[in-house]
Amino acid sequence: MKYKLFLITLSLMITGLGVMDSRSPAGMVYAAGASGMQEQEFTLADKMQIERNSKIDSPCYQFAVAELKRLLERLGVTVTVKDSSLLFKDTCYILLNFPNSGPELIGNVPQRNGISADGYIHHIIGPKAWIIATQEKGVLNGVYGLAERLGYFFLYPGEEGEWPPLKDRNTIKLPCGIECFNPRFPHRGIFNGSSDEEWAGFYAKLRMNALCQPTDPELAAKLGLRIEIGGHDLDELLPREAMADKPDMARMIQPSDFFGERVDDFNFNVTSPDAKRIIQENYRKRIHELSKDGIYAWHTWPEDLPAGGWCFDPTNRSFSASDQAMLAMRMLAEVIEEEKLPMRVPFLVYHDTLFPGPNFDPQKEIYLLYAPRERCYGHALNDPNCPNNRKHLDALRQWMHKFRNSNDAHTFEYYLDRVLFRGLYPFLPNVILEDMKVYEEEGIETHLALQVGTAFVPKLTMLNLPVFGQGMWKKDWDANDAITMVAQNILPENPQPWQQYFTDRMEFFEEAMRWEHGEHGWLDYRWLPETTTEFGAEIAKAYAWNSIALSKTADALKESVAQDWPERVKNLAAVEYGRCQFEAAELYAMHCQQTAANHIGKFLNSNDHSELELGIKMMQGTKTALSESLQKAKDVGVKAGDYYYMYNDWIQKELDWKIEHWKGELSKN
């Protein structure tokens, strides 16, 4: 197969080019330079010129040129752009040079050996720096990678969150050499993130190439993003009114010997020929439209219900939730195969489908989408001290075997999901990076994280996102490396206060997000369980302790702020302080909530009404704590419409209901 070779070259003088060692793996540096040439460090000049290949009209390539120009101009470099006459067969390149410096002499074009997926090579020879890729997206990744090496820090969306280096540009130097940067997963990205231009552009700056969100096809092409859409959309394919005439299409919620009642609420009878016909007809119409826009997959998951919401009629009752879900997805795969469209069908591993069913296999058009929502986020997926995560890793391995004849297995991780985390921003670099090693070893090809439940307040930085993005390119990175990178980018002259702050945040949240005992099923960090287990008492104490500790680490950061800190760093410290106070208040509310639940569990186990009285009292205390947390969320700038406001209202109403319910029980005593 013939590949295009894409090059961006940043140059200040006439030089030759060396050839990259064909064995070079990701991140390996080799000596560079042509025979007889004295190597120099790469530096920026006051005036520079970009020469672009006019034969390449890809929107992603043209955007890469524009971004290189824009980022250099932010550093005070005057940049001009002109078309280049230096054309090589199967080569796309950009050359940065002195204006009007005369013809450029180029020897051997650097080889592309060692580049995978949308990776790239930085080939730096004295005052010239090449960006080499086999895809246009690789060129854009190389531009952002070079910007980071020059000192840029992509912290949050928009120019305000795009921090240029604090040092004078004349002191910025890059050593000579060849370095190959390859992603650890062919596709990397966000599910349900914001699709506006600033946010989609931020994902591109983090060198991601996949987004599941309705997005303008032109924007996706410019940023080099593969687009998926949808979610729990299976119900869209079978209108509820169709079941009125053919009730056997509806699911039976109990077997026929237990009344055999059918309901047309969600999902359906997957062995009904009529249901299959209607679903395939509607799916066929829609995917032809989506295929024209280049959509890779339409997510048509079953409904998000406890107990799966599947069917117990005589033709289905021997099939598990996973079996029935697989039959539903096989219906859709048949249509794609018949129509010969370049689309895929995601199979959601989630809740009741955590483990495979024994009966049905996926066609090649179906790919795995692993969504371990009930796992523990206080431990990495392979942590031997976490039984819950061991169970989830076992499930992944069983599913990977089931899908051994189908490629492009996806993750659907929850590191950015403020719904699961009840509005909090837990900092989890150790979990994210250790999980990444597991997913890479297990053969995951597309690593996605859900980003939902936020009004996308940029200054409330979800640092899990930059860590997630950067970790995709840094194979040997660990949590300490990530924290050091963030701290040094925020305040290069004095990173220690920030390093301590982020280290503390990581440790406190790992303790608070523990969920190693998976016996509580559907519940998560919002709906804390009534329980009599020892874990219930342990985690209630952990919420209280980490609430105090988080508040203290925020105080320490605030006290470390110095007058000579750059304004942007002082502003960030103020935001982080407010965010920590909100999080500390919410953790205290969780302490009250779990303590109340523990007392109710003890009452139900012992009929001791003193435990019931304590439970009611602690629920009233939880309401007060939630009100205080809500005020702190407002103080830090969490906007109306953010998920936290909705959740806070829900739990307040639930507590009101529980208090009245248990007071009624108490009055009978």
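Students often forget the sequence filter, so: which lysines lie under 23 Å Cα-Cα from residue 246 once same-chain residues fewer than 8 apart are removed? Answer for residue 246, where 23 Å is the Cα cut-off: 276, 285, listed by chain and number.
Rounded to the nearest 20, the Cβ-based charge dipole of the range 431-508 about its Cα centre (Lys and Arg +1, Asp and Glu -1) stands at 400 debye.
Accessible surface for residue 318 stands near 90 Å², nearest 10, in the context of the full protein assembly shown (1.4 Å probe). Tell me whether the range 515-669 comes out rounded, prolate or oblate; compute the Cα gyration tensor, take square roots of the eigenvalues as a ≥ b ≥ c, and use a/c under 1.5 as the rounded threshold. The shape class here is prolate. Comparing 190, 77, 254 along the charge dipole axis of the chain, the residue lying farthest to the positive side is 77, per the Cβ-charge model.
These residues, 524, 635, go from largest to smallest accessible area, 1.4 Å probe, as 635, 524. Which of the three applies to the range 420-575, rounded, prolate or oblate, going by the alpha-carbon gyration tensor with a ≥ b ≥ c and a/c under 1.5 meaning rounded? Judged from the Cα gyration tensor, the range 420-575 comes out oblate (a/c at least 1.5, b/c at or above a/b).
Using Cα pairs closer than 8 Å and at least 6 residues apart in sequence, work out the relative contact order for the range 483-622, in percent.
Working: 147 pairs, mean separation 36.5, N = 140.
That works out to 26 percent.
Protein heavy-atom surface of the chain, 1.4 angstrom probe: 50% of the accessible area is carbon and sulfur, with nucleic acids and ligands not counted. At the residue level, residue 390 shows approximately 120 square angstrom of accessible surface with a 1.4 angstrom probe and all protein chains present. Rolling a 1.4 Å probe across all protein chains gives residue 478 an accessible area of roughly 60 Å².
Taking only the Cα atoms of the range 219-302, the radius of gyration and Dmax are 16.5, 58 Å. A Förster radius of 22 Å, combined with the Cβ-Cβ distance separating residue 359 from residue 284, puts the computed FRET efficiency at roughly 0.30. For the range 275-314, the dipole from Cβ point charges (+1 on Lys and Arg, -1 on Asp and Glu) about the Cα centre works out to 280 debye, to the nearest 20.
Protein heavy-atom accessible surface, 1.4 Å probe, per residue over the chain: 40 Å².
Among 558/632; 437/552; 340/475; 205/474; 558/634, which pairs are too far apart, with a Cα-Cα distance over 26 Å? Before the final figure, lay out each step's value.
Numbers: 558/632 17 Å; 437/552 33 Å; 340/475 37 Å; 205/474 15 Å; 558/634 19 Å.
Flagged as over cut-off: 437/552; 340/475.
Kindly sort 575, 349 by accessible area of their heavy atoms, largest first, with the probe set to 1.4 Å.
Numbers: 575 30, 349 0 Å².
Sorted by accessible area, descending: 575, 349.
In loop segments of the range 163-265 as defined by DSSP, the GluC sites (Glu not before Pro) with at most 10 further C-beta atoms inside 10 Å of their C-beta are 241. About the centre of its Cα atoms, the chain shows a dipole size close to 1580 debye [charges on the beta carbon of Lys, Arg (+1) and Asp, Glu (-1) only; nearest 20 debye]. Size descriptors for the range 361-506, from the alpha-carbon set: Rg then Dmax equal 16.4, 57 Å. Working from Cα pairs under 8 Å separated by at least six residues, relative contact order for the chain is 10 percent. Partner aspartates and glutamates whose Cα lies under 14 Å from the Cα of residue 364, excluding those fewer than 8 positions away in the same chain, are identified as 334, 337, 338, 408.
For the chain, the residue among 362, 331, 177 whose Cα projects farthest onto the positive side of the dipole built from Cβ charges is 177. Is the shape of the range 303-352 best called rounded, prolate or oblate, per the rule: a/c under 1.5 gives rounded, else a/b larger than b/c gives prolate, else oblate, with a ≥ b ≥ c the square roots of the Cα gyration tensor eigenvalues? Oblate. Accessible area per residue (1.4 Å probe, heavy atoms of protein chains only) ranks 410, 379 as 379, 410, with the largest value leading. Using equal-weight Cα scatterers in the Debye expression, the normalised intensity of the chain in log10 at q = 0.06, 0.09, 0.10, 0.12 Å⁻¹ is -0.40, -0.86, -1.03, -1.34. Per-residue ellipticity at 222 nm computed for the chain from its helices equals -14000 deg cm²/dmol, with DSSP H segments shorter than 4 residues left out and the rest contributing -39,500 (n - 2.57). Think of the chain as a dipole: +1 on every Lys or Arg Cβ, -1 on every Asp or Glu Cβ, centred on the Cα centre; then among 513, 399, 305, 399 lies furthest on the positive end.
The values are calculated or read from the model by the stated rules, or taken from the named source; none is laboratory data. Fair warning: this is a prediction, and the values are worked out from it, not measured in the lab. We place every Cβ from the backbone using ideal geometry, glycine too, and count neighbours over all the protein chains shown. The area values use the complete protein model at the heavy-atom level, side chains included, leaving out ligands, DNA and RNA. Shrake-Rupley method; radii C 1.70, N 1.55, O 1.52, S 1.80 Å.
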